Amino acid sequence: MTQSATQLYETGDARFSRLIHSNARLETLWTGARWCEGPVYFAAGKYLLWSDIPNDRVMRWDETDGSVSLFEQPCGHHNGHTTDLQGRLVSCEHGGRAVSRIEHDGRRTVLADRFDGKKLNSPNDVVVKSDGSIWFSDPTYGIDSDYEGHAAPSEIGASQVYRCAPDGTVSVVVSDLVQPNGLAFSPDETFLYVADTGRTHVPDCAPKIRRYPVTSDGRSLESGDDFALSDCGLFDGFRVDVSGNIWSSAGDGVQCFSPDGELLGKIRVPEVASNLCFFGPNRNRLAITATTSVYSIYVNAKGC
Ligand code: MG
């Protein structure tokens with residue numbers, strides 16, 4: 001790795017220099033959370049939302065003037081967010097142990113809260129496929145204690161990734177991880193990437209992103225392989241750019257991987273990063289949730 005003078009960027013592969021603007025600097029959009037997660041951008045409304053899980057609130061940053069306000073509290077200890085194909089907010093709720101959607105008229109609809117008749121653990125991160133299905137991870141962080149949700153035993157007894165079909169049917173798509181966490185599809189949706197943060201519970205569980213080929217019918221996955229191993233902390237949430245590069249949170253900030261799994265470079269962030277999303281009218285800016293703060297930086301890449 002080559003460190004720049006400011007140590008903001010670390011370049012491990014020449015390709016990384018074409019994915020960043022060497023004079024772009026890290027900006028702090030806001031600070032004041034206990035644990036930030038789940039950034040999501042609404043282009044039409046020009047705002048970002050994110051979770052502050054222990055404080056049971058969702059915050060809103062206004063792109064027009066940089067102001068930050070409370071969006072919802074209590075919210076059911078939201079974690080990850082995304083938007084669906086109609087631009088509606090889809091949320092992972094630790095407190096509600098559910099994946100929910102806010103309709104255009106403001107009503108909340110529960111999309112999934114059970115599998116096989118048993119309560120989900122605590123949905124963590126979520127992504128919407130082009131067929132309208134909703135894929136989400138379900139580790140135990142929201143039921144391990146009362147800090148990020150409500151302490152309770154796991155009814156399912158496993159931490160898995162699920163697919164919620166447009167008709168509401170929930171099926172297991174990944175069952176070989178300790179604590180599945182962030183997830184994202186490749187641009188052509190031929191692969192699903194899933195992070196495993198199981199080291200929080202099993203010391204010898206390597207912090208990694210796994211890659212699973214999507215079956216030809218688009219509804220399930222073939223067996224996966226290790227795609228990337230973290231050299232600093234855990235991969236939690238991540239996003240994919242239009243060229244297929246993976247931009248992941250990690251213990252030292254953002255780590256960027258090529259579609260073939262090479263670590264291209266890093267953007268160092270002063271706090272442990274939990275998640276990120278592309279935002280702005282050109283989707284060429286990263287919003288990075290990191291412990292107490294939300295940071296942003298322009299990159300020479302465009303989010304899917
Ligand atoms: Mg997460």
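The values are calculated or read from the model by the stated rules, or taken from the named source; none is laboratory data. Predicted model only: the values in this text are computed from it and were never measured. All Cβ positions, glycine included, derive from the backbone under ideal geometry; neighbour counts span all protein chains shown. Each accessible area value is taken on the protein alone, full model and side chains, heavy atoms only, with ligands, DNA and RNA left out. Shrake-Rupley method; radii C 1.70, N 1.55, O 1.52, S 1.80 Å.
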* Picking from 26, 234, 70, which is most flexible by a Gaussian network model of the chain using Cα springs under 10 Å? -> 70
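How large is the accessible surface per residue of segment 1-147, computed with a 1.4 Å probe and reported in Å² as a whole number? Provide the component values of the computation, followed by the final result.
Details: 6430 Å² over 147 residues.
With the other protein chains kept in place, segment 1-147 gives 44 Å² per residue.
Expressed as a whole percentage, what fraction of the accessible surface of the chain belongs to carbon and sulfur atoms when a 1.4 Å probe is rolled over the protein heavy atoms? Don't jump to the answer; show the numbers that get you there.
Working: 5730 of 12110 Å².
That share works out to 47 percent.
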* List every residue whose amide H lies under 5 Å from the amide H of residue 72, counting only residues 5 or more places away in sequence or on a different chain, with H placed 1.01 Å from N in the peptide plane. => 58
* **residue 114 long-range amide H proximity, modeled H, under 5 Å** => 120
* Asked: residue 134 accessible area, nearest 10 Å², 1.4 Å probe?
  -> 20
* Structure fact -> Phi angles of segment 200-210, converted by Karplus (6.51 cos²θ - 1.76 cosθ + 1.60, θ = phi - 60°) into ³J(HN,Hα) in whole Hz with x for Gly and Pro, give 4, 10, 10, x, 8, 7, 5, x, 8, 10, 9
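To two decimal places, what compactness ratio does segment 189-279 give when its Cα radius of gyration is scaled by 2.2 N^0.38 Å? Walk me through the numbers on the way to the answer.
On the way: Rg = 13.2 Å, N = 91, 2.2 N^0.38 = 12.2 Å.
Dividing the Cα radius of gyration by 2.2 N^0.38 Å gives 1.08.
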* Asked: Using θ = phi - 60° and the Karplus curve 6.51 cos²θ - 1.76 cosθ + 1.60, what whole-Hz ³J(HN,Hα) does each residue of segment 111-121 get, with Gly and Pro shown as x?
  -> 8, 7, 9, 9, 9, 6, x, 10, 4, 4, 6
* Given a cut-off of under 8 Å on Cα pairs at least six residues apart, what relative contact order in percent is computed for the chain? -> 17
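To the nearest 20 Debye, how big is the dipole of segment 5-298 about its Cα centre, given +1 on the beta carbon of each Lys and Arg and -1 on that of each Asp and Glu? Kindly include the intermediate steps, with their values, before the conclusion.
Working: 27 positive and 40 negative charges, 97 e Å.
Dipole size: approximately 460 debye.
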* Measuring from centroid to centroid over Cα atoms, what is the spacing of segment 1-72 and segment 92-137 in Å? -> 24
* Structure fact -> For residue 24 and residue 229, extending 7 Å from Cα along the Cα-Cβ vector and measuring point to point gives, in nm, a value of 3.0
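Once the mean 1/r over all distinct Cα pairs of segment 5-298 is inverted, what Kirkwood radius in angstroms do you read off? Let's see the in-between values first.
Numbers: mean 1/r = 0.0531 Å⁻¹.
Averaging 1/r across every pair of different Cα atoms and inverting gives 18.8 Å.
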* Asked: Lysine pairs in the chain with alpha-carbon atoms under 25 Å apart, 8 or more places apart or on different chains: how many are there?
  -> 9
* GNM on the chain, C-alpha springs below 10 Å: top fluctuator among 107, 97, 268? -> 107
* Quick one: which residues, 5 or more positions from residue 233 or on another chain, have an amide H under 5 Å from its amide H? H modelled 1.01 Å from N in the peptide plane, none for Pro or chain starts. => 251
* **Rounded Å value of the spacing that divides the Cα centres of segment 180-214 and segment 244-304** => 16
* Asked: Any idea how far apart residue 145 and residue 130 come out in nm if each label point goes 7 Å out from Cα toward Cβ?
  -> 4.2
* For segment 7-12, take each phi angle, set θ = phi - 60°, evaluate the Karplus expression 6.51 cos²θ - 1.76 cosθ + 1.60, and give the result in whole Hz per residue in order, putting x for glycine and proline. => 6, 6, 10, 10, 10, x
* **Fluctuation leader among 216, 51, 91 - the chain, Gaussian network, Cα springs under 10 angstrom** => 216
